[in-house]
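Below is one structure, written out as structure tokens, with a few remarks after it.
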Amino acid sequence: MSGTMAPLSVPVLFKAACSECQARFELPPGSLRLAIGASRRTTFYSFTCPECGSAVRKPAGERIVELLTGGGVRTLRLHSTV
């Protein structure tokens with residue numbers, strides 16, 4: 001029997017931690033949001049802590065942006081009003 005096998009699709013999970021309750025967990029791409037702004041101060045990712053329900057916002061440098069966008073995280077591009 002000849003043919004090619006399709007590669008197995010492994011679900012992507014991102015490790016994260018809550019700055020409020022200090023819990024550590026893994027989140028699927030649909031649980032995270034990435035906002036890309038004009039500067040480092042306005043580029044961040046956010047999620048809701050599954051343990052305590054807090055809204056968490058953390059800065060996202062270039063590498064984090066690459067990983068999150070490559071992993072299917074929904075992205076919002078923030079535009080300057082200038």
Does Thr4 fit the bill of being modelled with pLDDT under 95, polar (S, T, N, Q) and touching a Leu at 6+ places or on another chain (Cβ under 9 Å)? no
Could you check how many residues of the range 43-56 are surrounded by 13 or more Cβ atoms within 10 Å (Cβ to Cβ) and either in contact with a Ser or Thr (Cβ under 9 Å, 6 or more places away or on another chain) or among the small types (Gly, Ala, Ser) (or both)? 7
How many residues, within the range 25-82, are over 12 Å from the mean Cα position of the chain (by Cα), within 18 Å of Val12 (Cβ to Cβ) and not hydrophobic (A, V, I, L, M, F, W, C)? 1
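Yes or no, residue by residue, for (1) out of contact with any helix residue (DSSP H, G or I) (no Cβ under 8 Å at 6 or more places or on another chain); (2) acidic (Asp, Glu):
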residue	(1), (2)
Pro28	yes, no
Ile36	no, no
Ser46	yes, no
Glu51	yes, yes
Ser54	yes, no
Glu62	yes, yes
Arg74	no, no
Arg77	yes, no
Quick check on the range 58-77. Is at least one of its residues in contact (Cβ under 8 Å) with a residue 60 or more places away in the chain and in a loop (DSSP other than H, G, I, E, B)? yes
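Residues of the range 7-23 being modelled with pLDDT under 70 and of a type outside the set (S, T, N, Q), which ones?
Pro7, Leu8
The values are calculated or read from the model by the stated rules, or taken from the named source; none is laboratory data. Note that the structure is predicted; figures quoted are calculated from it, not measured. Positions of Cβ are generated from backbone atoms using ideal geometry, with glycine treated the same way; all protein chains shown enter the neighbour counts.
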